[in-house]
């Protein structure tokens, strides 16, 4: 014989039990990930030492305001060019052929070294220049420079 | 017949085989060649609005999607001028759509604009984005429209007009800046939109988006509108050219995978069995996304499946087992609840015998749970007193089919209904009860010349759309069906060859039809003789006929006989064994089919094998190591009676609010009060649960694994999307644990173990296994051991000894009518928005805002006669009880007929009015036979149907998106021609 009822007595779980259960759950997780946790503490300490922890905390708490300030600023016309330039510079970096540049840079460095070492103070006459073209090293440099100028003109 | 000839088409110099009639873009997509495309979608077919799929065909630039392949076609996709035309089209799209992907909630890897622009390699746009002069429409609780992001591809319009066929959306091409409009340009919430969400699913970008996604999906999208705008601007400056933009946004999109889960599940709101991915973030349901490969529904959904999931996070969910103690239920731990339940079961069994216990499974729970429940009853307790709630709706249909064709399920698939030349629906409010299936019929009728005849008391949407609509007098369908069949035979129009080869008992059946003359039928049904002969002519003349029926047939005292009459008509006209033909009882709940299939029936083991059969019983006895009683047990209806008679002391009800949904509430709840021990397993403290001694907290479909079987006999897997709330548990696990407490260790680790056992015992499911059901794979029973399934039944004959079907003789006697005192007939059934008694859908604020309460539909004539107006409050009194409710006046009902939706569990609950009359063959309550008298409490009041209900909208039917109107605009130039001009 059961009447219709709708009253429900919730199970009263004491605060202390809930706290105990939560602590146990956390303790298990900490124990399972001991190494990462210790490293994490290290990282936190480093951030704290450098006062970055305070900065980051403040930033995250005020993220909406921060983001708003930054985007407002970035959307000003004077920033349009710099922002775009930053990205474009990155794009330029992406387009450069670093291997070739390396080759060229090596030679430049070598040239600079040679020039610095040279103690010649005499002037070079027109004839000296023509004669110098016979020197295979100079000839190679001049040819390379001419190719460079041609390539630049084509681009 | 399909033509299997192939023809050769050359694409970029390579020859490809194409099928006749194939769309050129469709063919290109089967090759490695990339052609940009945005408006094209396989599920929708060509719309031809986006102009991006330009190709050169025999020297001319054309839209590939607007071209049908012809033999010898020479197609080029890569010449420079073709590429320029494609780019021009993409530029036009980007004038209409701002790419700020990183801070867009739709940046989830599936944005088709993003993906197309990226794959095309477009780096910059030639012309700037231009904002449109329209506000975002945020009026709907379900989705929002952002005209600024809308590229006017018209997919949403196509899907609304021709797939869902609700005919709400269109594009107004005549404005200076065209946009999508709802009805005659009203806010979404005030339109005829039914909230099916298919426009949102079909939208290729973020123009139409689920409200639940906005500000939720992205890491950087949940900001104040002003800030979001600033961020969009920064994004655009900082990401010049699309390359960097995509690099950043693609990274952000893959980061989203980390916190958004996409899980395949099966809808629980009706027997269509829609499948989709549900996107969840923690416990939040972000959205429901149907897939092209969803077997039953494709990209379709209805309002409940798409937006009705709030209940899983309801505060009212039960989270701990409850045991009655005096005037209260007290929360206890599982062990205590299970031990107590087991102890009480044992005591009652020891005291009164096993048959003093009853078990009721749920047609909302899984197949595995149905199997477990009947195993608990039969093996552990030792009784066949196990049934399920499909007793309330569909058992008569199953009975009618068993009598005639031998399988109790739909003859074919939903595809077959769509393919039929003619569809007849009887007693089915298909557009509201099975919305996605109804859409297939609506589409076939609208676009492909299918003839639709609707037989119903009420002129609901299908009745309004039908080619012919008939309103036979309540409960007389058997008569017109038999009269039409008789007339066909009398005229010699029966399918003689089919009958000779495949059907038994023709002569006896013909004899039984004698009384069903046209005169008699007219007198009983109210359908004129002229109309009856026209129906017969039409039925006899079509090649492929499919008949769909539902509760308007089954919930009568002659429900089984009427279902039988339907099958008889199909047999006489040869409408079985072929595609596009057959009998389709439209199953109500998601697992009405499966719950019975898997043995929760008093007379059947799983797979409809008789309990009374020694051979079958022995198979189960051997497997389970016990003796099982040979006599069938009690069905639901008999269990309630047995409680009143003191023969049943214990009842265990799973996932069913029996005290609301069984007929004659007062009688049923009086029975509950007499029980010695009552266990209810549910998500909520339902009206039924309030009578329980033990309430066990179960989980909804999103929190468990298992399989459901839809109306097509299609078994589909659901995967777990969320963790159970609190201490709630899946039904199968609870049943398993009770069995264990009673000394039977079933060793099931997961539902797949249960399915394996069922498949090993029931030949109907021999080849069913979880491995064959992964993701969107499905199986339609019978399934052979090698996994071969049966989309279309009876292709090799009927499952009787001689492979022949049987015509089953019937007679008719009018068992129900109104009289002078109880002068009004109460029709009752579903509405689109709500499910069953409303325990789930009323938890959705969006759905509830559209339909806050049940109501009583009254015809204008009756309202006039009784002097009542919209919003009046009336009391309806039947011989068993009374309800009160608010009146909605509508011509969907006529004369002295009322309609009361069944979705209320309070003072308007229909079952206060229903009585103990049942179908004479299956004990299904005759819910549809309710005569009442009406007392007016208040003559007018607030309308129960809010102004934002779709029924108040103004649909705008048209075919597709009317792209011709776009092409006729003065400012429109075909990109192909433009290239020519410029080039």
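For this structure, a couple of remarks:
- Odd one out for residue B:609 among (1) at pLDDT below 95; (2) within 22 Å of residue B:791 (Cα to Cα): (1)
Every residue, every condition in (1) without any contact (Cβ under 8 Å) to a residue 12 or more places away in the chain; (2) within 11 Å of another protein chain (Cβ to nearest Cβ); (3) closer than 24 Å to residue B:125 by Cα, yes or no:
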| residue | (1), (2), (3) |
| --- | --- |
| B:170 | no, no, no |
| B:178 | no, no, yes |
| B:200 | no, no, no |
| B:214 | no, no, no |
| B:222 | yes, yes, no |
| B:235 | no, yes, yes |
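- Pairs where the first residue, in the range A:75-97, is farther than 15 Å from residue B:236 by Cβ and within 9 Å of chain B (Cβ to nearest Cβ) and the second is surrounded by 10 or more Cβ atoms within 10 Å (Cβ to Cβ) and modelled with pLDDT under 70, C-beta under 9 Å, 6+ apart: A:91/B:240
- Strands (runs of 3 or more DSSP E) lying entirely in the range B:691-749 (those with 1 or more residues that are in contact (Cβ under 8 Å) with a residue 60 or more places away in the chain and over 23 Å from the mean Cα position of the chain (by Cα)): B:694-697
- Annotation note: of B:946, B:955, the sole residue that is surrounded by 18 or more Cβ atoms within 10 Å (Cβ to Cβ) and part of a loop (DSSP other than H, G, I, E, B) is B:955.
- Test for residue B:341: is it touching a residue at least 60 places away in the same chain (Cβ under 8 Å) and away from chain A (no Cβ under 14 Å): yes
- Count - residues of the range B:302-330 that are in contact (Cβ under 8 Å) with a residue 12 or more places away in the chain and facing chain A (nearest Cβ under 8 Å): 4
- Hits in the range B:434-452 (condition: crowded, with 21+ Cβ neighbours inside 10 Å and either under 25 Å from residue B:523 (Cα atoms) or in contact with a strand residue (DSSP E or B) (Cβ under 7 Å, 6 or more places away or on another chain) (or both)): B:441, B:450, B:452
- Where residue B:442 falls short, out of the listed (1) farther than 25 Å from residue B:672 by Cα; (2) more than 16 Å from the chain's Cα centre (by Cα): (2)
- Look at (1) under 36 Å from the mean Cα position of the chain (by Cα); (2) free of Cβ contacts under 8 Å to residues at least 24 places away in the same chain and you find that residue B:621 fails only one, number (1).
- Within the range B:523-532, the set of residues being in contact (Cβ under 8 Å) with a residue 12 or more places away in the chain and out of contact with any helix residue (DSSP H, G or I) (no Cβ under 6 Å at 6 or more places or on another chain) comprises B:526, B:531.
- Candidates B:915, B:891, filtered to the one that is more than 26 Å from residue B:465 (Cβ to Cβ) and either in contact (Cβ under 8 Å) with a residue 40 or more places away in the chain or crowded, with 23+ Cβ neighbours inside 10 Å (or both): B:915
- Hits in the range B:303-324 (condition: in contact with a helix residue (DSSP H, G or I) (Cβ under 7 Å, 6 or more places away or on another chain), crowded, with 21+ Cβ neighbours inside 10 Å and farther than 25 Å from residue B:264 by Cα): B:321
- Any hit, the range B:490-498, residues being closer than 15 Å to residue B:515 by Cα and surrounded by fewer than 18 Cβ atoms within 10 Å (Cβ to Cβ): yes
Residue-wise test of (1) surrounded by fewer than 21 Cβ atoms within 10 Å (Cβ to Cβ); (2) modelled with pLDDT of 75 or more; (3) closer than 26 Å to residue A:62 by Cα; (4) in contact with a strand residue (DSSP E or B) (Cβ under 6 Å, 6 or more places away or on another chain).
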{"residue": "B:199", "(1), (2), (3), (4)": "no, yes, no, yes"}
{"residue": "B:213", "(1), (2), (3), (4)": "no, yes, yes, yes"}
{"residue": "B:220", "(1), (2), (3), (4)": "yes, yes, yes, no"}
{"residue": "B:226", "(1), (2), (3), (4)": "yes, no, yes, no"}
{"residue": "B:229", "(1), (2), (3), (4)": "yes, yes, yes, no"}
{"residue": "B:236", "(1), (2), (3), (4)": "yes, no, yes, no"}
{"residue": "B:241", "(1), (2), (3), (4)": "yes, no, no, no"}
{"residue": "B:245", "(1), (2), (3), (4)": "no, yes, no, no"}
{"residue": "B:251", "(1), (2), (3), (4)": "yes, yes, yes, no"}
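- Filtered by the rule that a residue be touching a helix residue (DSSP H, G or I) at 6+ places or on another chain (Cβ under 7 Å) and within 14 Å of chain B (Cβ to nearest Cβ), the range A:1-37 gives A:1, A:2, A:3, A:4, A:5, A:6.
- For first residues located in the range B:807-818 and over 23 Å from residue B:406 (Cα atoms), partners that are in a loop (DSSP other than H, G, I, E, B) and lie 6+ apart or on another chain with Cβ distances below 6 Å form the pairs B:815/B:557; B:816/B:475; B:816/B:929.
- Note on the range B:172-194: residues that are surrounded by fewer than 23 Cβ atoms within 10 Å (Cβ to Cβ) and not in a helix (DSSP H, G or I) amount to 15.
- Within the range A:105-155, considering residues that are surrounded by 10 or more Cβ atoms within 10 Å (Cβ to Cβ), part of a loop (DSSP other than H, G, I, E, B) and out of contact with any helix residue (DSSP H, G or I) (no Cβ under 6 Å at 6 or more places or on another chain), the one modelled with the lowest pLDDT: A:124
- Members of the range B:858-876 that are crowded, with 18+ Cβ neighbours inside 10 Å and part of a strand (DSSP E or B): B:858, B:873, B:874, B:876
- Being surrounded by 11 or more Cβ atoms within 10 Å (Cβ to Cβ) and more than 13 Å from chain B (Cβ to nearest Cβ) holds for only one residue in A:44, A:67, and it is A:44.
- Matching entry among B:508, B:550 (being touching a residue at least 40 places away in the same chain (Cβ under 8 Å) and closer than 20 Å to residue B:422 by Cβ): B:550
- Of B:906, B:976, B:941, all but one fail to be in a loop (DSSP other than H, G, I, E, B), surrounded by 14 or more Cβ atoms within 10 Å (Cβ to Cβ) and over 33 Å from the mean Cα position of the chain (by Cα); the exception is B:941.
- Residue check for residue B:354: under 17 Å from residue B:739 (Cβ atoms), surrounded by 18 or more Cβ atoms within 10 Å (Cβ to Cβ) and in contact with a helix residue (DSSP H, G or I) (Cβ under 6 Å, 6 or more places away or on another chain): yes
- Of all residues in the range B:86-111 being over 22 Å from residue B:976 (Cα atoms) and not in a loop (DSSP other than H, G, I, E, B), the one that is modelled with the lowest pLDDT: B:102
- Neighbours by Cβ (under 7 Å, 6+ apart or cross-chain): first from the range B:672-687, under 19 Å from residue B:314 (Cα atoms) and at the interface with chain A (Cβ under 9 Å from one of its Cβ atoms); second part of a loop (DSSP other than H, G, I, E, B) and modelled with pLDDT of 95 or more: B:685/B:318
The values are calculated or read from the model by the stated rules, or taken from the named source; none is laboratory data. Note that the structure is a prediction, hence the values are computed from the model and not measured. Positions of Cβ are backbone-derived with ideal geometry, glycine not excepted, and every protein chain shown enters the neighbour counts.
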